[in-house]
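Before any comments, here is the structure.
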Amino acid sequence: MIPTPDLSHLTSTDYEHVYEPAEDTFLLLDALEEHAGELKEMAPLTCLEVGPGSGCVSSSVGQILGSSTLQTVYLCTDVNPHACKCTRKTGTQNRTSLDVAKAFIDIILFNPPYVPTLTEELVDAQELRGIEGSWAGGSDGMEITNKFLELVGDLLSPRGRMYLVALKENNIPEIQTRMVNRFNLQSTIVLSRRAGREHLSIICFHR
Ligand SMILES: C[S@@+](CC[C@H](N)C(=O)[O-])C[C@H]1O[C@@H](n2cnc3c(N)ncnc32)[C@H](O)[C@@H]1O
């Protein structure tokens, strides 16, 4: 069992502005734990998380890889400035230095705003750069994810993997077929779980 990263430095006030780890976060942590052996063996040089929120997921990868792969560079990018601050603090709290570098990425993590909403709601949420940006996903909940999927083929290293959180309504079979046809990226569903009304899956993409 990999312990959940220590988030005791974050307060309820932080969670008014930043996504609080929830079922989708924990599903992604469980999927990464299930792949812990393979990830350690991979000795990744780079790990990119898009939308880290609290910083919980990248810090968990830091715990999985431990001190055996001190060379891993963790890159995190979030539209929400509060999330960027929290991510930095969570890295420090969990002895994982969350940093910036340019390279092909070995591990990409994305738990996107996946909830289907009106496009206007998504546009407002992205402009506001606040907590609403954690869930508002626009048409089919895919508007942000689709933009990102266009870039993954160029970002991922030859041995790289991307872990994406998706909802049943996001049409996972369509995503998988599109990524094979357009970018020759294969994928597997690592875990699926029902969380309240949501049916969540973790898709792992690789070359
Ligand atoms: C569902 S939350 C996931 C947070 C965290 N990764 C977790 O699993 O607990 C989605 C995160 O994506 C961020 N986000 C939304 N749109 C984004 C964008 N265009 N680029 C980068 N991050 C974005 C949000 O601010 C939020 O922190």
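Applying the selection to segment 95-117, what residues are β-branched (Val, Ile, Thr) and either surrounded by 15 or more Cβ atoms within 10 Å (Cβ to Cβ) or more than 18 Å from the chain's Cα centre (by Cα) (or both)?
Answer for segment 95-117, where residues must be β-branched (Val, Ile, Thr) and either surrounded by 15 or more Cβ atoms within 10 Å (Cβ to Cβ) or more than 18 Å from the chain's Cα centre (by Cα) (or both): THR96, ILE105, ILE107, ILE108, VAL115, THR117.
Quick check on segment 118-142: of everything there that is part of a loop (DSSP other than H, G, I, E, B) and crowded, with 21+ Cβ neighbours inside 10 Å, which residue is nearest to the ligand (Cβ to nearest atom)?
GLY137
Among the candidates HIS9, HIS82, which residue alone is part of a helix (DSSP H, G or I) and in contact with a helix residue (DSSP H, G or I) (Cβ under 8 Å, 6 or more places away or on another chain)?
Result of the check over HIS9, HIS82: HIS82.
Of the residues that make up segment 97-106, is at least one part of a strand (DSSP E or B), within 13 Å of the ligand (Cβ to nearest atom) and of a type outside the set (Ser, Thr, Tyr)?
Checked segment 97-106: at least one residue is part of a strand (DSSP E or B), within 13 Å of the ligand (Cβ to nearest atom) and of a type outside the set (Ser, Thr, Tyr).
Listed here are the residues, each with its yes/no results for (1) within 14 Å of the ligand (Cβ to nearest atom); (2) of a type outside the set (Asp, Glu); (3) in contact (Cβ under 8 Å) with a residue 40 or more places away in the chain; (4) outside any helix (DSSP H, G or I).
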{"position": "GLY153", "(1), (2), (3), (4)": "no, yes, no, no"}
{"position": "ALA166", "(1), (2), (3), (4)": "yes, yes, yes, yes"}
{"position": "GLU169", "(1), (2), (3), (4)": "no, no, yes, no"}
{"position": "THR177", "(1), (2), (3), (4)": "no, yes, no, no"}
{"position": "ARG182", "(1), (2), (3), (4)": "no, yes, no, no"}
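Quickly run through segment 25-54 and pick out the residues that are more than 8 Å from the ligand (Cβ to nearest atom), closer than 24 Å to CYS84 by Cα and of a type in the set (Gly, Ala, Ser).
ALA31
The numbers here are math on the coordinates, done by the rules we state, and not lab data. Everything quoted here is computed from the prediction, not taken from an experiment. Virtual Cβ from ideal backbone geometry, glycine too; neighbours counted across all protein chains shown.
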